[in-house]
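The values are calculated or read from the model by the stated rules, or taken from the named source; none is laboratory data. Being a predicted model, the structure only gives us computed values, none of them experimental. Because the Cβ atoms are built from the backbone with ideal geometry, glycine has one as well, and the counts that use them run over all protein chains shown. Ligands, DNA and RNA are excluded from the accessible area calculation, which covers all protein heavy atoms including side chains. Shrake-Rupley method; radii C 1.70, N 1.55, O 1.52, S 1.80 Å.
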Amino acid sequence: MSADEQIEGMLKEAANGRAITRAEARMLLSLPDNSLEAALLRSTANIVSRRRFGNRGLLLGQIGVDMEPCDGDCAFCFFAKSHTSIQASVLPTEEVIARCERFAAGGAQGVFLMTMHRFGFEWFRDLCVTLRRSIPAQLEILANVGDVTASQLGELRDVGVAGAYHVCRLREGVDSCMPAAQRRATIERIIESGMAWYNLCEPIGPEHTAEELAEQIWLGVELPCRQHGAMQRFPVPGSPLYAHGQISLARLSQIVAVVALATAHKKETTSIAVNVSNIVGLFSGANAFFPEAGEPLAEDRPQDHVAGPEGFTTALWRQSNEITTADCRTMLAAAGFSHLMDTKGGPTTVLHLNS
Ligand code: SF4
């Protein structure tokens, strides 16, 4: 049997519900991103995910609540202390609440509160207490913070934090100052705490091999994650990894498709995310976006969506306008998704083009 026939046979079985193995994932990740086989892979993942998730999409907002030159010092990051020029700042609580309200108005079901690797735990916990009392009840609070202890996770859970994003990143300990074992231990503590674990394959660059990608993806296949997916790395000028550039949307979608097929048997994984939000990903097995801003107000002008001096989102990395909940709904509707959903997969609102 030729390699092409082998891949076609494998993808037919995947379309019929068989999750791919790690060896198969490696083979699919090795395909040239604009090959016929890679197109078949993306199409197969599209069919599998539409059926699996009932043609529903999920929006989870993101708010960077504090920033400073970060001790994590990751070789790809905008905030790494060795090459950043940002000044320390904290987003005022009233502004966090206002952003949450606009995310909820746009159909988001949760919001990631992002900090640096080191952060003030008590300040963050108290912020979550205030938010839980102040923001719409359906908007889940999700933590995206540094490595934390089991008792800190218990405190966050007890004040209403529903889940936590934590990743053992590609080349962790090589391109970052954190050992992979430390990141993995935090992930295990999140799961043990009873909070939902949010995961991604990230931060993907052109230099990452099929073997490295498959290995990193597989932690989220072996351990129970609420969400898996893929995120590309944006090249930060002045950072050590800048020269590598960035992957294409075709490559990002190929990796999303592999994640979707590798987790097809996992009931606890209720969505597959792609970041940056893009329509190619929605035809490749992804059904979740991370909008950077909530519903625009009628009086907003486009330049109002550029991140201000405090707080941040991934738009800061792109040096671009923030992608809003309205932008995300438009892409989901254009891709033929029928509903938005909650974090467990239940339908919320019907999607219409131009809604
Ligand atoms: S990726 Fe996170 S830990 Fe690493 S430098 Fe950036 S903020 Fe710090």
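Just checking, how many residues over the range 11-37 are of a type in the set (A, V, I, L, M) and out of contact with any Ser or Thr (no Cβ under 9 Å at 6 or more places or on another chain)?
Keep residues of the range 11-37 that are of a type in the set (A, V, I, L, M), which gives 11, 14-15, 19-20, 23, 25, 27-29, 31, 36.
Right, trim to out of contact with any Ser or Thr (no Cβ under 9 Å at 6 or more places or on another chain) and you get 20, 23, 25, 27-28, 31, 36.
Counting residues in the range 11-37 that are of a type in the set (A, V, I, L, M) and out of contact with any Ser or Thr (no Cβ under 9 Å at 6 or more places or on another chain) gives 7.
Using the structure shown, decide if Ala214 is assigned to a helix (DSSP H, G or I) and either open to solvent by 10 Å² or more (accessible area, probe 1.4 Å) or in contact with a Ser or Thr (Cβ under 8 Å, 6 or more places away or on another chain) (or both). If you could, list the steps in order and put the result at the bottom.
Values: assigned to a helix (DSSP H, G or I): yes; either open to solvent by 10 Å² or more (accessible area, probe 1.4 Å) or in contact with a Ser or Thr (Cβ under 8 Å, 6 or more places away or on another chain) (or both): no.
Considered against the rule, which asks whether it is assigned to a helix (DSSP H, G or I) and either open to solvent by 10 Å² or more (accessible area, probe 1.4 Å) or in contact with a Ser or Thr (Cβ under 8 Å, 6 or more places away or on another chain) (or both), Ala214 comes out as no.
Which numbered condition trips up Gly107, out of (1) open to solvent by less than 50 Å² (accessible area, probe 1.4 Å); (2) over 17 Å from Ala196 (Cβ atoms); (3) within 16 Å of the ligand (Cβ to nearest atom); (4) in contact (Cβ under 8 Å) with a residue 24 or more places away in the chain?
Here Gly107 clears every test but (3).
Given the criterion in a helix (DSSP H, G or I), surrounded by fewer than 17 Cβ atoms within 10 Å (Cβ to Cβ) and either at pLDDT 95 or above or not polar (S, T, N, Q) (or both), identify the matching residue among Arg133, Arg157, Arg102.
Details: Arg157 fails: surrounded by fewer than 17 Cβ atoms within 10 Å (Cβ to Cβ); Arg102 fails: surrounded by fewer than 17 Cβ atoms within 10 Å (Cβ to Cβ).
The conditions single out Arg133.
Enumerate the pairs (first residue in the range 72-89 and closer than 9 Å to Ser176 by Cα and in contact (Cβ under 8 Å) with a residue 24 or more places away in the chain; second residue anywhere and more than 7 Å from the ligand (Cβ to nearest atom) and open to solvent by 40 Å² or more (accessible area, probe 1.4 Å)) with beta-carbon separation below 6 Å, excluding pairs fewer than 6 apart on the same chain, so at least 6 apart or on different chains.
Filtered contacts from the range 72-89: Gly72/Cys177; Asp73/Lys81; Asp73/Ser82; Asp73/Cys177; Ala75/Pro240.
Before we move on, is Ala293 modelled with pLDDT of 95 or more and in contact with a Leu (Cβ under 6 Å, 6 or more places away or on another chain)?
Working: modelled with pLDDT of 95 or more: yes; in contact with a Leu (Cβ under 6 Å, 6 or more places away or on another chain): no.
Answer is no for this residue.
Out of Ala185, Ala181, report the one residue that is more than 24 Å from Arg99 (Cβ to Cβ), part of a helix (DSSP H, G or I) and free of Cβ contacts under 8 Å to residues at least 24 places away in the same chain.
Testing whether each residue is more than 24 Å from Arg99 (Cβ to Cβ), part of a helix (DSSP H, G or I) and free of Cβ contacts under 8 Å to residues at least 24 places away in the same chain leaves just Ala181.
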